[in-house]
1. Inspect all residues belonging to the stretch 85-93 and state whether any of them is hydrophobic (A, V, I, L, M, F, W, C), touching a helix residue (DSSP H, G or I) at 6+ places or on another chain (Cβ under 7 Å), crowded, with 16+ Cβ neighbours inside 10 Å and within 20 Å of G39 (Cα to Cα).
2. Of everything in the stretch 98-116, what is on the phi < 0 side of the Ramachandran plot and either acidic (D, E) or touching a helix residue (DSSP H, G or I) at 6+ places or on another chain (Cβ under 9 Å) (or both)? Give them in sequence order.
3. Would you point out the residue of the stretch 95-110, among those that are in contact with a strand residue (DSSP E or B) (Cβ under 8 Å, 6 or more places away or on another chain) and assigned to a loop (DSSP other than H, G, I, E, B), that is surrounded by the fewest Cβ atoms within 10 Å (Cβ to Cβ)?
4. Which one of these is modelled with pLDDT of 95 or more, loosely packed, with under 11 Cβ neighbours inside 10 Å and assigned to a helix (DSSP H, G or I): E81, E60, E3?
5. If you scan the stretch 63-72, which residues turn out to be touching a strand residue (DSSP E or B) at 6+ places or on another chain (Cβ under 8 Å) and either assigned to a helix (DSSP H, G or I) or crowded, with 16+ Cβ neighbours inside 10 Å (or both)?
6. Exactly one of these conditions fails for I75: (1) aliphatic (A, V, I, L, M); (2) more than 13 Å from the chain's Cα centre (by Cα); (3) assigned to a strand (DSSP E or B). Give me its number.
7. Just need a number here: residues in the stretch 111-124 that are aliphatic (A, V, I, L, M) and not in a loop (DSSP other than H, G, I, E, B).
8. Report every pair of residues separated by at least 6 positions or lying on different chains whose Cβ atoms are under 6 Å apart, first residue within the stretch 74-87 and under 17 Å from E60 (Cα atoms), second in a helix (DSSP H, G or I) and among the aliphatic types (A, V, I, L, M).
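The values are calculated or read from the model by the stated rules, or taken from the named source; none is laboratory data. These numbers come from a predicted model, not from an experiment. Reconstructed Cβ throughout: ideal geometry from the backbone, glycine too, with neighbour counts over all protein chains shown.
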Amino acid sequence: MEEFLKILFFAVAFIVLLRLGLKLYVLNKAKAMKGAEVGLVKDGVLYFYSQRCGACKVMEPQVEKLSQALEVRRIDVFSEEGQKIARSLGVMATPTTLVVKDGKVQKTFVGIVSADRILQEFKP
């Protein structure tokens, strides 16, 4: 039993460290997007999602709220076009929301974020 607990401990520790490393990698890629030129929207939001993504379903009311105030371009990462766009910008996870001003990425949010927080990025 003691040997099993040791193995279980190391397996859990490995998984936690692996997830942490992946999260740091995704966040680092998100920071690298800043300043990237996008021709899909001049001032607004690019929202990368997947229909299979639970967090994306939670995010949907926030995206609806955003679309009432801003131009929002929804990009399904499982569509052929969406895959190309996501790959070209380095999007690694869903949901990912890019704040675009003057055709350039100004801020990237990975995960669930409120519409109010995103709208703050557009205030002078």
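1. yes
2. Correct list: L98, V99, V105, K107, T108, F109, V110, I112, V113, S114, A115, D116.
3. G103
4. Step by step, each of E81, E60, E3 is checked, and only E81 is modelled with pLDDT of 95 or more, loosely packed, with under 11 Cβ neighbours inside 10 Å and assigned to a helix (DSSP H, G or I).
5. Passing the criteria: V63, L66, L70, V72.
6. So I75 meets the others, but not (2).
7. Number satisfying all stated conditions: 3.
8. Filtered contacts from the stretch 74-87: I75/I85; V77/A86.
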